[in-house]
Amino acid sequence: MNSDRYRLTLVADGRPTLQGWRESETVTRRKFSAWVGHGDRPGAQITLIDEETDSALAQWPDSQ
């Protein structure tokens with residue numbers, strides 16, 4: 001089991017295509033911003049999850 005707290009997931013065409021885990025929220029938020037540039041395609045969604053609290057910290061595109 002991965003002990004890193006923050007998880008990024010890029011979903012494209014309804015399937016997870018990239019995932020990454022980090023210990024630092026600051027580093028993970030920078031990665032989130034970088035991934036947004038790669039997620040510019042129809043149906044792409046990027047989420048940043050705090051696995052300790054099981055809460056979404058950021059999502060792109062923004063939730064409606």
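The values are calculated or read from the model by the stated rules, or taken from the named source; none is laboratory data. Remember, predicted model here, so these are calculated numbers, not experimental data. Virtual Cβ from ideal backbone geometry, glycine too; neighbours counted across all protein chains shown.
Here are the numbers for the structure shown:
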{"read-out": "Filtered residues of the range 26-64 (kept if of a type in the set (D, E, K, R) and surrounded by fewer than 13 Cβ atoms within 10 Å (Cβ to Cβ))", "value": "R30, D40, R41, E52, D54, D62"}
{"read-out": "The range 1-17: number of residues that are under 9 Å from the mean Cα position of the chain (by Cα) and either surrounded by fewer than 11 Cβ atoms within 10 Å (Cβ to Cβ) or farther than 10 Å from Q45 by Cα (or both)", "value": "3"}
{"read-out": "The range 18-38, residues that are at pLDDT below 90 and over 11 Å from the mean Cα position of the chain (by Cα)", "value": "G37, H38"}
